[in-house]
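K.L.:
Following this message is one structure expressed as structure tokens.
The values are calculated or read from the model by the stated rules, or taken from the named source; none is laboratory data. In this text the structure is predicted, and so the values were computed from the model without any measurement. FYI the Cβ positions are ideal-geometry reconstructions off the backbone, even for glycines, and counts take in every protein chain you see.
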Amino acid sequence: MTGHVARAEVIVARHPSAVWTVLTDPEQVRRWMVGTTLTTDWQVGSPITWQGEMDGRPYEDKGEVLEVEAPSRLRVTHYSPLMGQEDRPESYHTITYTLTPTRDGRTTVALEQDGNDSAEQAEQFSQNWQQMLESLKQTAES
């Protein structure tokens, strides 16, 4: 992990395998990521893209699949042109999702995103990711 790290976490009333499906299936991702179209084959080293529209502006974010350990851990890199930075390695974040089963059949979903320039930026991303994970929780539990 480099730079300041953003963190978010939710507990989902579903088994990790069900949460994993919501996290990785493009149709499910579209439901909790505000209409985002996810494209990847989930093979380590493969490209991943997120396409959609935010505040009326089209975007295409991209990255690479780094680690896939179904249904417990997923790591990808992420670059967004909307951040206003050049497309070069230091402009990418690493996002790690960790799914941990609880004793009562639920799943703790923890997210970490590294590469933030400041504590303030990390806090802003933490808030954004918390909202996204709340949406993932609602999708998984519905």
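For (1) assigned to a strand (DSSP E or B); (2) under 16 Å from Trp129 (Cα atoms); (3) out of contact with any helix residue (DSSP H, G or I) (no Cβ under 9 Å at 6 or more places or on another chain), each residue gets a yes or a no:
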{"site": "Glu60", "(1), (2), (3)": "yes, no, no"}
{"site": "Leu74", "(1), (2), (3)": "yes, yes, no"}
{"site": "His78", "(1), (2), (3)": "yes, yes, yes"}
{"site": "Gln85", "(1), (2), (3)": "no, no, no"}
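K.L.:
Something else now. Just one of Gly35, Gly84 is exposed (fewer than 13 other Cβ atoms within 10 Å of the Cβ), under 26 Å from Gln138 (Cβ atoms), at pLDDT below 95 and not basic (Lys, Arg); which is it? Can you show your working first?
P.N.:
Details: Gly84 fails: under 26 Å from Gln138 (Cβ atoms).
Going through Gly35, Gly84 in turn, the sole match is Gly35.
K.L.:
Tell me yes or no: at least one residue of the range 39-58 is of a type in the set (Lys, Arg) and in contact with a strand residue (DSSP E or B) (Cβ under 9 Å, 6 or more places away or on another chain). Lay out the reasoning, then the answer.
P.N.:
Going through the range 39-58, the residues of a type in the set (Lys, Arg) turn out to be 57.
Going one step further and asking which of them are in contact with a strand residue (DSSP E or B) (Cβ under 9 Å, 6 or more places away or on another chain), we end up with none.
No, that holds for no residue.
K.L.:
Given the conditions (1) closer than 22 Å to His4 by Cβ; (2) exposed (fewer than 15 other Cβ atoms within 10 Å of the Cβ), which single one is not true for Val44?
P.N.:
Failed condition: (1).
K.L.:
Could you list, in sequence order, the residues of the range 1-13 that are in contact with a strand residue (DSSP E or B) (Cβ under 7 Å, 6 or more places away or on another chain), modelled with pLDDT of 95 or more and surrounded by fewer than 18 Cβ atoms within 10 Å (Cβ to Cβ)?
P.N.:
Arg7, Glu9, Ile11
K.L.:
Considering each residue of the range 21-58, count those that are in a strand (DSSP E or B) and either hydrophobic (A, V, I, L, M, F, W, C) or touching a Phe, Trp or Tyr at 6+ places or on another chain (Cβ under 9 Å) (or both), and give that number. Full working, then the answer.
P.N.:
Within the range 21-58, the subset in a strand (DSSP E or B) is 37-39, 47-54, 57-58.
If we keep only those that are either hydrophobic (A, V, I, L, M, F, W, C) or touching a Phe, Trp or Tyr at 6+ places or on another chain (Cβ under 9 Å) (or both) as well, we get 37-39, 48, 50-54.
Here the count works out to 9.
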